[in-house]
Amino acid sequence: MNPSPSAFPAALKALALAASLAAAGLAAADEEDAPASPESAWAPPARVAREAGALPAAALRENLPPADRRMSLLELVDLALGRHPATRQAWASARQAAAQLGAARSRYWPTLTLGASAGKSATTQPTYPGFSTVDQWVGAPQLSLTWLLLDFGGRHAGVEAAREALFASNFQFNQTVQSVVYGVTRGYYLCDTAQGSLDAAEANLRLADTTLELFVRKARVGLATETDLLQARQAQAQAVYDLEAARGGLKTARAGLAQALGMPANAPVSIAPPEGAPSLATLDRQADQLVDLALRQRPDLSAKYANLLALKAQARQADAAIWPAISAQASGSRTFYDAQTDANGKSFSGDSHYNQGSAMLVMSVDLFDGLNLVNKARAARAAAEAAQADLANAELAATAEVVIAYSDVQTAAKKYAAGQILLEASRRAFEAMQIGSQAGLDSALDLLTAQNNLASASARNVQARSDLFLATARLANATGSLLPPPKLARSAARPAAAVSEEALAPVEP
């Protein structure tokens, strides 16, 4: 039974209605996936919540050092370099750049492509007085070769750009390593400072307790007033307050050190105190010598210089893309077929094959592309000019950083020496005032003032020692001297600017 003509418009209307309902349902589903309103938080579906709760762990808690082990700075640096995610990320980026250099070099080689097609075709056409039908199975393997012979230096510039990008990535890896080392060094000294502040606060509390006991005994025999006791209790309360603040500061410093090590902030970290005061050997040099050292060996400057060379090579590659390219192309194929023909009641069949081959030189050039390639070349040259200016700006910043860090080390060294003298003088003054107060020669106010001066001198001495350690670490970081020695063969060095090879010789500390 044939359908009536009126059935087709009805079917089309039903199909259109179904399509519109499906589109509305999809739109509604998309709206449901978004937050319901701007003032309410998004509630993820159960599946998304389960997937978010099953995220793979970063294994940050694996291979943690024992909590009771007191680690030196060198041990902490070695631990951080082996486990910090930042160094692994920079290492992976460097290996990615090495692979991209291999990809750029591959353009010098020909490209050999193997292709094949197979299938069945059927053809029916009218022939007088009837029809003819051809059923055919076809299989055709094909081998093609393309070899770029001439591109006016485009491949060479591409390889040079990839090579310089690899150097930049390697220097950036060194910069990451130096940043990790500096972060650990800074965290270590801040942790040592916090421990020193805690020790000083505990000692100050013991002095406050001793002073309070002294005034309590004197008050029992009528040698101290109520005002003296209140002042002594005030000093003890202040010492307790300072002690709790020091304990909180130590916890904060340990959390910062753990993060610098690539460990969870709540991981237990215990450090061994540094041995003696920091070395002041860098002060034997002039600031100009340290600036020259920084410009030669800072990895971030070397990375910027390599990036500049890469961008210049990319500009040459963009210029070469404007010119024609000449390639050699060759191909060969064999087509197999099995045909069955039926024409006007007569059948024919046969199978065979035929070969095809070609070899030619191909020249290609864009005659008009709306100045696309020209503008790309201009953009590449402008990017290289911007990188040149960025390098100059980075050198200015590095120079200022070295000069300021050098001045900070000088200042910190003088403050540390003065702080030691101040601490010793404050200790002797307190001991003398304590003896005088016991003998009734000095007032309670004088004793409490001497105690506060001793506590202040002790805190200043701890801070001055910390400032000297940190200033020395900043100066080493500013000159690029915090890199650990290489465990394997030294990699090729790139100058941070147009520096001769003789100027790159290492400077003895």
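A few comments on the model shown:
- A search for C-beta distances below 9 Å between a residue of the stretch 298-315 that is in the same structural domain as Ala104 (by TED's automatic domain parsing) and surrounded by fewer than 22 Cβ atoms within 10 Å (Cβ to Cβ) and any residue that is of a type in the set (D, E, K, R) and outside any helix (DSSP H, G or I), counting only pairs 6+ apart in sequence or on different chains, returns Leu309/Arg494.
- Within the stretch 90-123, being of a type in the set (Val, Ile, Thr) and closer than 27 Å to His156 by Cα holds for Thr111, Thr113.
- Of all residues in the stretch 416-427, those satisfying the criterion of being in contact (Cβ under 8 Å) with a residue 12 or more places away in the chain and either of a type outside the set (Gly, Ala, Ser) or not in a helix (DSSP H, G or I) (or both) are Tyr416, Gln420, Leu422, Leu423, Arg427.
- Test: residue in the stretch 41-61 that is at pLDDT 75 or above and of a type in the set (Val, Ile, Thr): no
- Per the listing Phe469, Phe430, the residue uniquely surrounded by 15 or more Cβ atoms within 10 Å (Cβ to Cβ), under 36 Å from the mean Cα position of the chain (by Cα) and assigned to a helix (DSSP H, G or I) is Phe469.
- Subset of the stretch 316-356 that is among the hydrophobic types (A, V, I, L, M, F, W, C) and under 18 Å from Trp137 (Cβ atoms) - its residue that is surrounded by the fewest Cβ atoms within 10 Å (Cβ to Cβ): Phe348
- Qualifying residue in the stretch 473-487 (condition: modelled with pLDDT of 85 or more, in contact with a Pro (Cβ under 7 Å, 6 or more places away or on another chain) and among the small types (Gly, Ala, Ser)): yes
- Scan of the stretch 101-116 for residues that are surrounded by 10 or more Cβ atoms within 10 Å (Cβ to Cβ) and touching a residue at least 24 places away in the same chain (Cβ under 8 Å), ordered by number: Leu101, Ala103, Ala104, Arg105, Arg107, Tyr108, Pro110, Thr111, Leu112, Thr113, Gly115, Ala116
- Test for Glu431: is it modelled with pLDDT of 85 or more, assigned by TED's automatic domain parsing to the domain that holds Gln231 and of a type in the set (Asp, Glu): no
- Only a single item in (1) surrounded by 19 or more Cβ atoms within 10 Å (Cβ to Cβ); (2) out of contact with any Lys or Arg (no Cβ under 8 Å at 6 or more places or on another chain) is not met by Tyr416, and it is number (2).
- Evaluation of Phe152 against (1) hydrophobic (A, V, I, L, M, F, W, C); (2) modelled with pLDDT under 95; (3) touching a helix residue (DSSP H, G or I) at 6+ places or on another chain (Cβ under 9 Å); (4) not in a loop (DSSP other than H, G, I, E, B) (one fails), failing number: (4)
- In the stretch 295-304, the count of residues that are at positive phi and of a type outside the set (Ser, Thr, Tyr) is zero.
- Ala265 meets all of the listed conditions (1) in a loop (DSSP other than H, G, I, E, B); (2) of a type in the set (Gly, Ala, Ser); (3) buried (at least 20 other Cβ atoms within 10 Å of the Cβ) but one, namely (3).
The values are calculated or read from the model by the stated rules, or taken from the named source; none is laboratory data. Owing to the predicted nature of the structure, the values given are computational and were not obtained by experimental measurement. Here Cβ is always computed from backbone atoms with ideal geometry, including for glycine, and neighbour counts include all displayed protein chains.
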